[in-house]
Amino acid sequence: MARGKGKIAPKPAKQDLPSKVCPVCDRPFTWRKKWAKDWDQVRYCSEACKNVRKS
């Protein structure tokens, strides 16, 4: 099993990731890989905040 000689690209530093502020709890939250496709539509930091907003 031969391994490639290329190097793995380093991950960006957390402070370099985009962030937003949650309108419910007013806390900043940063980009997550699972939000990569729809980061523009993400508004809340968690499901809990999302559910509070609906009430």
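The values are calculated or read from the model by the stated rules, or taken from the named source; none is laboratory data. Just so we're clear, the structure is a prediction, and the values are computed from it rather than from any experiment. Neighbour counts run over all protein chains shown; Cβ positions are idealised from the backbone, glycine included. Protein only, heavy atoms only, side chains kept; ligands, DNA and RNA dropped before computing areas. Shrake-Rupley method; radii C 1.70, N 1.55, O 1.52, S 1.80 Å.
Some points to look at:
- Residue, surrounded by the most Cβ atoms within 10 Å (Cβ to Cβ), within the stretch 33-55, restricted to residues that are of a type in the set (F, W, Y) and in contact with a strand residue (DSSP E or B) (Cβ under 9 Å, 6 or more places away or on another chain): Y44
- Figure legend. Inter-residue proximity from the stretch 23-45: first residues in a strand (DSSP E or B), second residues open to solvent by 100 Å² or more (accessible area, probe 1.4 Å), beta-carbon distance below 7 Å, spacing 6+ or different chains. Indicated pairs: T30/K14.
- D16 being at pLDDT below 95 and of a type in the set (D, E): yes
- Count - residues of the stretch 6-23 that are open to solvent by 50 Å² or more (accessible area, probe 1.4 Å), among the hydrophobic types (A, V, I, L, M, F, W, C) and under 22 Å from K50 (Cα atoms): 1
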